[in-house]
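Everything on this sheet refers to the single structure shown next.
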Amino acid sequence: MSWFKRDKTGIEKSNTKHVKVPEGLWTKCPGCSESLLTQEIEENLQVCPKCGHHYRIAPRKRLQSILDNGTWQEFDAELTSVDFLDFKDTKSYQERINTTVAKGGSRDAVICVEGSIKEIATQIAIFDFAFMGGSMGSVVGEKITRSIERGLEKKQPVIVISASGGARMQESILSLMQMAKTSAALAKLKAAGLPFISILTDPTTGGVTASFAMLGDLNIAEPKALIGFAGPRVIEQTIRQKLPAGFQRSEYLLDHGMVDMIVSRLEMRDTLGQVLAMLTRQ
Amino acid sequence: MAATVYMEFEKPIAELEKKIEELRSLGASEMSTEIDALQSCVETKRQEIFNNLSRWQKAQVARHINRPFTLDYIQHLFTDFNELHGDRNFGDDHAIVGGLARFDGQPVMVVGHQKGRDTKEKVFRNFGMPNPEGYRKALRLFQMAEQFNLPIITFVDTPGAYPGIGAEERGQAEAIARNLREMASLTVPIIVCITGEGGSGGALAIAVGNRVLMLEHSVYAVISPEGCAAILWSDGTKGQQAAEALKPAAQDIIELGVIDEIVHEPVGGAHRDHEATTQAMGSAIRRHLAELKEMTPEQLVEDRYQKFRAMTRMAE
Ligand SMILES: [Zn+2]
């Protein structure tokens, strides 16, 4: 075992693929090329203390960093996907579900909780990218819809923290329909005058972007996150052109008017506390 | 009508019809019984093939170049069509057409994807793949329909929303998402007709209806078979395998409660008879519209909400 966790993907590729959460003692940062103590990054919410590079972070760790006292109540944790289409690629969908669930962590790609941010009770749905690329099938759509409906019922703001490759192919048409279902629920939330904040983290693409993730009263992105509708590879193949530098990154979206602000993970709790207080007239 | 364009699996039919043509060109009257026999052979063969289409073959039928497109439905089923252009913001997207028209004399708003038949028109229509301004034009027309209390009828036929640099810069995802949310709250009846390719979010963005009707050999899925194959097997040519896995046929989808009715096509596919196809669709629209007209604006919104709310398969 080497002392250094090598950045196998290299600087160039880091544009399309983030380096995994480091396991070694030392980590070479893809942002600034510095060698840093892995523990130092971990203690800093997976943000490089030197250059601010945002590594991916586990959803529960992120929740701890946002919610008062780092506590929450989880809902609908028992909902599980089923392979109703008998979908098979190299493995059957059922097998994929079973092995992913067995690895521990979540039963599907989103965790839904109620917790407080600076004493404002809020419904939060947060994606687990480690679960089948954070893809959205029936369970994800259902859990997010229930979060929105709980917000309606309890008159609370709703936040969705996205990290997803988009709709889950293995549930085909029903995955697509989750886009309509969640967006329809947001129409009700909007009519009720309750805030919806969408936090877009690396990566947020496809059917997730093209539904609730772009529908925030506030759309907040983490720095340098990949955010888009079509994947960069698909676009390149379609137009047969190189993509411009920084294309589909948070800063690019900010420039094009698609997100309200870019907020560092280290500032997220304070920012959310401030805007939620104002939106709920507190 | 243009020359017949055969699909690969229609080869036996193509051969028989070629033979009939040859005999006809000889002009010999004693051949007529043989021609009749061959003709009935063609009909039987066609029945047999089209009753047993695989999902991949259905995808080919759904994409057939002579399949009726939105403007064909408008021509056959509507009067007084006045096309309305532009999103009032960026431009006019030719991949989506829409406007005011009369259906059975009643004013309605009609909106649909539009593909092209010859090369020039294909390019003009961007192969039926809208940019954000197309979806924003559609939304403008939907909201106008609500303002003037007109029912909305949409025709869905697209490979998907266009994946381009400009599309991303102008907010393709936002445009689709906004349509999904806003369509959910419209207070007028919405009837959606899936007539060809229901290509993912690019289709859904004009497909949140109280009733969703689907032509017999149309397809509707979260991704195209080729796109799915490229991701799952890193091989875009395995479309056939992917089509079977995605189960995008109308007959698959009705099982899941996503559509309300399958509208039958003439034997050999919609492209063989535009009049019969559009009339079949028209009578289905008429029936559903009559039902929806009995509902109050609040009931229409709630009916649509509950319809999509129920689209879930999971273990609890
Ligand atoms: Zn760094």
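Quick notes on this one:
- All conditions in (1) surrounded by 18 or more Cβ atoms within 10 Å (Cβ to Cβ); (2) farther than 23 Å from residue B:312 by Cα; (3) at the interface with chain B (Cβ under 8 Å from one of its Cβ atoms) hold for residue A:256, with the sole exception of (1).
- Every residue from the stretch A:224-243 that is farther than 27 Å from residue A:199 by Cα and either at pLDDT 95 or above or of a type in the set (Ser, Thr, Tyr) (or both): A:238
- Of residues in the stretch A:44-77 being polar (S, T, N, Q) and more than 15 Å from the ligand (Cβ to nearest atom), the one nearest to the other protein chains (Cβ to nearest Cβ): A:73
- Scanning the stretch B:263-299 for residues that are within 14 Å of chain A (Cβ to nearest Cβ) and closer than 26 Å to residue B:200 by Cβ yields a count of 0.
- Residue in the stretch A:175-189 that is within 15 Å of the chain's Cα centre (by Cα), under 26 Å from residue A:279 (Cβ atoms) and of a type outside the set (Phe, Trp, Tyr) present: no
- Among the residues of the stretch A:113-146, the ones that are within 14 Å of another protein chain (Cβ to nearest Cβ) and either surrounded by 21 or more Cβ atoms within 10 Å (Cβ to Cβ) or outside any helix (DSSP H, G or I) (or both) come to 12 in all.
- The residues in the stretch A:98-129 that are on the phi < 0 side of the Ramachandran plot and at pLDDT below 95 can be counted, and the count is 8.
- Note on the stretch A:226-282: residues that are farther than 30 Å from residue B:161 by Cα and either in contact with a helix residue (DSSP H, G or I) (Cβ under 8 Å, 6 or more places away or on another chain) or not aliphatic (A, V, I, L, M) (or both) total 13.
- Single residue of the stretch B:182-212 satisfying the filter (at the interface with chain A (Cβ under 8 Å from one of its Cβ atoms) and surrounded by fewer than 24 Cβ atoms within 10 Å (Cβ to Cβ)) that is farthest from residue A:237 (Cα to Cα): B:185
The values are calculated or read from the model by the stated rules, or taken from the named source; none is laboratory data. What you see is a predicted model; the values in this text were computed from it and never measured. Glycine gets a Cβ as well: all are built from the backbone with ideal geometry, and neighbour counts include every protein chain shown.
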